[in-house]
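Inspection log for the structure reproduced underneath, given as structure tokens.
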Amino acid sequence: MPDSDHRPDLDRLLGCLRAAADPSRLRLLAVCAQGEWTVSELVQIIGQSQPRISRHLRLLAEAGLLERFREGSWVFYRRARSGPGARVARNLCRLLPLDDRQLTRDRQRVDAVREARRREAERYFASHARAWDSERDLGVDGRRVEEVLFELFREERPESLLDVGTGTGHILRILASHVGSAVGVDISHDMLKVARARLDRRELRNCHVRHADMYRLPFADSSFAAVVFHQVLHFADDPPAALGEAARVLRPGGRLVVVDLLRHDQEWLRLERHHRRLGFTEQEMATWFRELGLEPQTPRRLRGDQLTVVVWTARKCAADDSDLQQRERRAA
């Protein structure tokens, strides 16, 4: 897209700079470049009162430097990804000194907040490992999802598959006969113990699991012909970052499959099952795919009584197309 399409005019640029011209707001911008955060989490990280943080966030959002979005009773903030303010926000973040002591302390607090989330999630996963497969059905008969996955993979039979957030290895077990080899990764050791036992019991020699973080996958670029997320992204602190790692390890022409919930208002899933996101919109997922050099395909909706599961699929663009898209995004 032409560079001029997203270049802010002078008045808007000055407005962005005025909004950011405060040490606390620059710190908030730097933190919001590292993921999606609630106000209470930003209060912990920045160490200021909730009213003060809310005022700073309002000014940054009004200037277009941050995006604000509500899901149920939670409100999230993240650095703007589109619009005239997004380019200013990216450039301001690039100019921030990495060795600044205050920014370093903020990054340490970001890590502490993430680690606290992870420990809480691991306790939940550990206590639910044995019954995990049924919990992931989430109001839609899991056999309906399996039928769609069978259809997708039976046609192509990819030679290599990565299952991100594999849990008990259920997706590996149902797709083992449709792929050449498959590896599942998960952050929970308890889940992986169950997964290994079940894979051994079925003697699925072309499948294995390993401990890994979905934000730092231990694989080289373009390692897999297909990548799957099955009911995983709603637990993610930063879904686009997790998808970005998947896109990195996916080969050009390879397929990404995301099975997750359509946006909903079932707050109990946060309270009882530790969901961070209340599903996703089709537009949101398509936008993320395109930003990562993936070409979205027509999603499949599977409606339940209260919730709808969506199977999103996308193709990684050929190397030349992907490079072109990345250059256009940087220019914007």
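The values are calculated or read from the model by the stated rules, or taken from the named source; none is laboratory data. Values in this document were obtained by computation on a predicted structure and should not be read as measured data. Methodologically, a virtual Cβ is constructed for each residue, glycine included, from the backbone with ideal geometry; neighbour enumeration extends over all protein chains shown.
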**OP:** Name every residue in the range 61-107 that is among the small types (Gly, Ala, Ser) and farther than 14 Å from Arg12 by Cα, in order of residue number.
**Re:** Gly72, Ser73, Ala80, Ser82
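Table: residues versus (1) farther than 20 Å from Arg276 by Cα; (2) out of contact with any helix residue (DSSP H, G or I) (no Cβ under 6 Å at 6 or more places or on another chain); (3) assigned to a helix (DSSP H, G or I).
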position	(1), (2), (3)
Asp11	yes, yes, yes
Cys16	yes, no, yes
Val43	no, no, yes
Ile53	yes, no, yes
His56	yes, no, yes
Leu59	yes, no, yes
Gly64	yes, no, no
**OP:** Would you point out the residue of the range 271-282, among those that are part of a helix (DSSP H, G or I) and either closer than 21 Å to Trp37 by Cα or of a type in the set (Gly, Ala, Ser) (or both), that is nearest to the chain's Cα centre (by Cα)?
**Re:** Arg273
**OP:** Pull up the range 81-97, narrow it to residues that are at pLDDT 90 or above and in a loop (DSSP other than H, G, I, E, B), then point me to the one that is farthest from the chain's Cα centre (by Cα).
**Re:** Pro97
Original post:
Restricting the search to the range 8-37, which residues are modelled with pLDDT under 90 and either at positive phi or in contact with a strand residue (DSSP E or B) (Cβ under 9 Å, 6 or more places away or on another chain) (or both)?
Top reply: Gln34, Gly35, Glu36, Trp37
**OP:** Using the structure shown, decide if Gly169 is of a type in the set (Gly, Ala, Ser), touching a Cys at 6+ places or on another chain (Cβ under 8 Å) and in the same structural domain as Glu245 (by TED's automatic domain parsing).
**Re:** yes
**OP:** Determine the pairs where a residue that is within 11 Å of Glu36 (Cα to Cα), located within the range 61-81, has a partner that is among the basic types (Lys, Arg) and outside any strand (DSSP E or B) with Cβ atoms under 9 Å apart, the partner being 6 or more residues away or on another chain.
**Re:** Glu67/Arg81; Arg68/Arg58; Phe76/Arg277; Arg79/Arg90; Ala80/Arg87; Ala80/Arg90
